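The values are calculated or read from the model by the stated rules, or taken from the named source; none is laboratory data. Only a predicted model underlies this, so the values are computations on that prediction, with no experimental measurement involved. Heads up, the Cβs are rebuilt from the backbone with ideal geometry, glycines too, and the neighbour counts pull from every protein chain shown. Each accessible area value is taken on the protein alone, full model and side chains, heavy atoms only, with ligands, DNA and RNA left out. Shrake-Rupley method; radii C 1.70, N 1.55, O 1.52, S 1.80 Å.
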Amino acid sequence: MFLSLFKVDGISMESIIPDKSYVFVNNYNKHNKINDIVVFKHKTYGRLIKKLVNIDKDNFYWFEGIYGKSISKENIGPVKQDNIIGKVILSISSKSLKI
């Protein structure tokens, strides 16, 4: 298993991953399922962490944040599998540890 560590900067996933948390990401398995929390590269917004909400018939991935003021699914747009960094498997914040 290949892991990466990222610091979360923002509140779009606040209810499950607080701002300034650290997340461990599994880079090896890129076969994600709906509702997985995923880190990916976006051409406009840079590196994002969002919930996977749909995989369309053309095999594009669609994401959205948990927080109401997050970037919308439509603004993020479709994401190619090549841009997926990996699935979040562990979140560490000053308040909690979540697997």
(message) Taking the solvent-accessible surface of protein heavy atoms with a 1.4 Å probe, what is the per residue accessible area of the chain in Å²?
(response) 63
(message) Largest first and in whole Å, what are the equivalent-ellipsoid semi-axes of the chain based on the Cα gyration tensor, each being the root of 5 times an eigenvalue?
(response) 20, 16, 11
(request) Select from 86, 77, 46 the residue whose mean-square fluctuation is largest in a Gaussian network model of the chain (Cα-Cα springs shorter than 10 Å). (result) 46
(message) With +1 assigned to the C-beta of every Lys and Arg and -1 to the C-beta of every Asp and Glu, and no other charges, what is the dipole magnitude of the chain about the Cα centre in debye, to the nearest 20?
(response) 160
(request) Tally up the carbon and sulfur contribution to the accessible surface of segment 38-99 as a whole percent, 1.4 Å probe, everything protein left in place. (result) 49
(message) Given the -39500 (n - 2.57) contribution per DSSP H run of 4+ residues, what per-residue ellipticity at 222 nm results for the chain, rounded to the nearest 500 deg cm²/dmol?
(response) -500 deg cm²/dmol
(message) Please compare each pair in 20/73; 50/87; 50/73 to a cut-off of 18 Å on the Cα-Cα distance and tell me which ones are over it.
(response) 20/73
(message) Regarding segment 19-72, what's the average projected area of the Cα-atom convex hull, expressed in nm²?
(response) 4.5
